[in-house]
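Q: Okay, here's the structure, questions in a sec.
The values are calculated or read from the model by the stated rules, or taken from the named source; none is laboratory data. Just so it is clear, the model here is predicted, and its values are computed rather than measured. Note that we place each Cβ from the backbone using ideal geometry, even for glycine, and neighbour counts take in every protein chain shown.
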Amino acid sequence: MPLTPEIKEYLKGKVAWIGTADKAGIPNLSPKGTLTAVDDNTLVFADLFSLKTRKALEENPNIAVAVVDPAAPSGYQFKGRCELLTSGPLYDKVAADVKAMLPQAGAPKYVVKINVADIYSLTPGPDAGKKIG
């Protein structure tokens, strides 16, 4: 299931919760305010301060991302594999976006590029938790 225009629009301005686990299976959860869609299959976020997230992703590239709007209520969960970028055109674009949004934060240590494999509904109701598409 690709990231639809509706899903891409939904992500704007929301905080994403990033779930990772290191090679020992120790879970980690971290909020990110820079999650954006690059194309129909790819999400990215800048990691500015998360040492545990980086360590886990270096050891285990599997990732889960949850984005919810409690006021709606609605949400999505994305699962996939990622790679860490420290340079290149995509890193530069995300770094420029972060600088415009949070000038005090400085350049990201790295950018996480997520190849989305599955999307699930987090909207309360009979379809909560079901795979979309």
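Q: In this structure, is GLY19 surrounded by 14 or more Cβ atoms within 10 Å (Cβ to Cβ), without any contact (Cβ under 8 Å) to a residue 40 or more places away in the chain and under 19 Å from ALA117 (Cα atoms)?
A: When the stated conditions are applied, GLY19 does not pass them.
Q: Moving on. From the list ASP47, ASP22, pick out the single residue that is farther than 22 Å from GLY88 by Cβ, among the acidic types (Asp, Glu) and out of contact with any Gly (no Cβ under 9 Å at 6 or more places or on another chain).
A: One residue alone meets the criteria, ASP22.
Q: Hey, could you check segment 33-73 for residues that are closer than 19 Å to ASP118 by Cβ and charged (D, E, K, R) and say which is surrounded by the most Cβ atoms within 10 Å (Cβ to Cβ)?
A: ASP40
Q: Got a number for residues in segment 1-48 being touching a Phe, Trp or Tyr at 6+ places or on another chain (Cβ under 8 Å) and of a type in the set (D, E, K, R)?
A: 2
Q: Is there a residue in segment 39-48 that is under 15 Å from the mean Cα position of the chain (by Cα) and over 28 Å from ILE132 (Cα atoms)?
A: Yes.
Q: Out of all the residues in segment 94-117, which are closer than 18 Å to LEU11 by Cβ and either exposed (fewer than 12 other Cβ atoms within 10 Å of the Cβ) or aliphatic (A, V, I, L, M) (or both)?
A: Correct list: VAL94, VAL98, ALA100, MET101, LEU102, VAL111, VAL112, ILE114, VAL116, ALA117.
Q: Which strands (runs of 3 or more DSSP E) does segment 1-119 wholly contain that include 1 or more residues that are in contact with a helix residue (DSSP H, G or I) (Cβ under 6 Å, 6 or more places away or on another chain), at pLDDT below 95 and not polar (S, T, N, Q)? If you could, list the steps in order and put the result at the bottom.
A: Numbers: elements: 16-21, 27-32, 42-47, 62-69, 74-85.
Ranges flagged: 42-47.
Q: If you don't mind, there's one more thing I want to ask. Which one of TYR10, TYR76, TYR120, TYR91 is more than 26 Å from LYS131 (Cα to Cα) and buried (at least 17 other Cβ atoms within 10 Å of the Cβ)? Reasoning before the result, please.
A: Values: TYR10 fails: more than 26 Å from LYS131 (Cα to Cα); TYR76 fails: more than 26 Å from LYS131 (Cα to Cα); TYR120 fails: more than 26 Å from LYS131 (Cα to Cα).
TYR91 is the lone residue from the list that is more than 26 Å from LYS131 (Cα to Cα) and buried (at least 17 other Cβ atoms within 10 Å of the Cβ).
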